[in-house]
1. Pairs needed: first member in the stretch 157-174, under 12 Å from CYS292 (Cα atoms) and among the polar types (S, T, N, Q); second member anywhere, within 15 Å of the ligand (Cβ to nearest atom) and part of a loop (DSSP other than H, G, I, E, B); C-beta distance under 7 Å; at least 6 residues apart or different chains.
2. Could you tell me which numbered condition GLY151 fails, if it satisfies all but one of (1) part of a loop (DSSP other than H, G, I, E, B); (2) of a type outside the set (S, T, N, Q); (3) under 24 Å from the mean Cα position of the chain (by Cα)?
3. If we only count strands (runs of 3 or more DSSP E) wholly inside the stretch 162-236, which ones have 2 or more residues that are within 15 Å of VAL250 (Cα to Cα) and within 16 Å of the ligand (Cβ to nearest atom)?
4. Can you find even one residue in the stretch 283-294 that is away from the ligand (no atom under 15 Å from the Cβ), basic (Lys, Arg) and within 28 Å of GLN176 (Cβ to Cβ)?
5. Give me the pairs, please: first residue somewhere in the stretch 238-257 and within 7 Å of the ligand (Cβ to nearest atom), second residue anywhere and in a strand (DSSP E or B) and of a type in the set (Lys, Arg), beta-carbon distance under 8 Å, and either six or more positions apart or on two chains.
6. Of everything in the stretch 149-161, what is crowded, with 17+ Cβ neighbours inside 10 Å and within 12 Å of the ligand (Cβ to nearest atom)? Give them in sequence order.
7. If you go through the stretch 115-148, how many residues are of a type in the set (A, V, I, L, M) and either assigned to a strand (DSSP E or B) or out of contact with any helix residue (DSSP H, G or I) (no Cβ under 8 Å at 6 or more places or on another chain) (or both)?
8. Being within 14 Å of the ligand (Cβ to nearest atom), more than 25 Å from TRP122 (Cβ to Cβ), at pLDDT 95 or above and in a helix (DSSP H, G or I): is that true of MET263 here?
Amino acid sequence: MGEIPHQHTRSIQSSLPKIPGLILSMLVGYSSSSEEDSEAGEVTATTCQSESCSQKLQEEDDDKEHFPAKKKPRIEKLVPQKRLPLPGCLLAMFPDEEDPHTENSSLHGGRIRSFKHERGNWATYIYLPYHPEEGFEELLEELLSMAGAKGVVLTPQEEFHLSLSQTVVLRHHWIQPFTQNLRASLANCKRFWCSAGRLKVYSNAERTRTFLGMEVSTGHAQLLDLVRVVDKTMTEFQLDTFYKDPSFHVSLAWCVGDLTEKMKEFLQELQSVIDEHEEGPFLLRLDCAELCCRTGNKSFRFPLEL
Ligand code: AMP
């Protein structure tokens, strides 16, 4: 069970009543009158596809026979001794939401995964969210249209953030201890402000994506303190730490491929849009009030002390 995301098992639990009790009982070979029994049903319904898995379940069944028959299977005699495969219509009721096995980069705007996707591996990163202030969206639109005119089509970020970690791969069963460790370590960290006003071009390690970002000008020291705390947790879980000499930034937009050199050619022109902003040079201000940890499709928040 260790590798089945909780959410997944929960969704199965909540779906169980939709299956007539008798049919479910016949499929799993147990009475569904107790929680324990329904747990056995969950395992069968979600993971019992392979030989080794059904063998493991069979061993669990064998173990149960060593105890008095408190919850004796009621209709065992009615079903064949060998487990029947679940009908496709039942399997389709429990889609594997977090672990799709198809890799289609067109579904992700042409982005390519930096690491192999495997069941039970959760892409995880830690960041400070940036909630756009007045004037930001208009400014971004102007920057993107100028870049477009230069032949570089940029896609704006769906949400804005300042990264405090690399994207690392966390095993599902480490999520809880990992976030607990992080929460404890961040307990005494104080809230602060930082600002950013200079454009810079970044690319990911694989050079498969290029980003237009705004680099932090004030708050660097406090951000380094936060990275030290995050890195400590990363190290304890044997995960990669952040850049030794990070360039803290908020990415504004991105494109596929390595267009670093091309974008540097007109970066100064983009910068002038920011510097000549109608009410004086635009300065992105980020209220560092809470850290967030995104792991798979789960999010955890870690508020900083006032
Ligand atoms: P982000 O918007 O935080 O995801 O950052 C965009 C990309 O910038 C990521 O793929 C980072 O790996 C990359 N990057 C490259 N150099 C640096 C650096 N010195 N500090 C922080 N991020 C960097």
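1. From the stretch 157-174, the pairs are SER165/PHE242.
2. Going through (1) part of a loop (DSSP other than H, G, I, E, B); (2) of a type outside the set (S, T, N, Q); (3) under 24 Å from the mean Cα position of the chain (by Cα) one by one, GLY151 breaks only (3).
3. On the way: elements: 168-171, 192-203, 209-218.
Of the strands (runs of 3 or more DSSP E) lying wholly inside the stretch 162-236, those with at least 2 residues that are within 15 Å of VAL250 (Cα to Cα) and within 16 Å of the ligand (Cβ to nearest atom) span 192-203, 209-218.
4. No.
5. Taking only residues 6 or more apart or on different chains, the pairs are SER247/LYS200; HIS249/LYS200.
6. Looking only at the stretch 149-161, we keep the residues that are crowded, with 17+ Cβ neighbours inside 10 Å, and these are 152, 154, 157, 160-161.
Passing the criteria: GLN157, PHE160, HIS161.
7. Start the filter on the stretch 115-148 by keeping residues that are of a type in the set (A, V, I, L, M), which leaves 123, 126, 128, 139-140, 143-144, 146-147.
Filter again for either assigned to a strand (DSSP E or B) or out of contact with any helix residue (DSSP H, G or I) (no Cβ under 8 Å at 6 or more places or on another chain) (or both), leaving 123, 126, 128, 140, 144.
Residues flagged as of a type in the set (A, V, I, L, M) and either assigned to a strand (DSSP E or B) or out of contact with any helix residue (DSSP H, G or I) (no Cβ under 8 Å at 6 or more places or on another chain) (or both) within the stretch 115-148 amount to 5.
8. Numbers: within 14 Å of the ligand (Cβ to nearest atom): yes; more than 25 Å from TRP122 (Cβ to Cβ): yes; at pLDDT 95 or above: yes; in a helix (DSSP H, G or I): yes.
Yes; evaluated as a whole, the condition is true for this residue.
The values are calculated or read from the model by the stated rules, or taken from the named source; none is laboratory data. For clarity, every value in this text was computed on a predicted model and none was experimentally measured. Quick reminder, even Gly has a Cβ in these numbers, built from the backbone with ideal geometry, and neighbours come from all protein chains shown.
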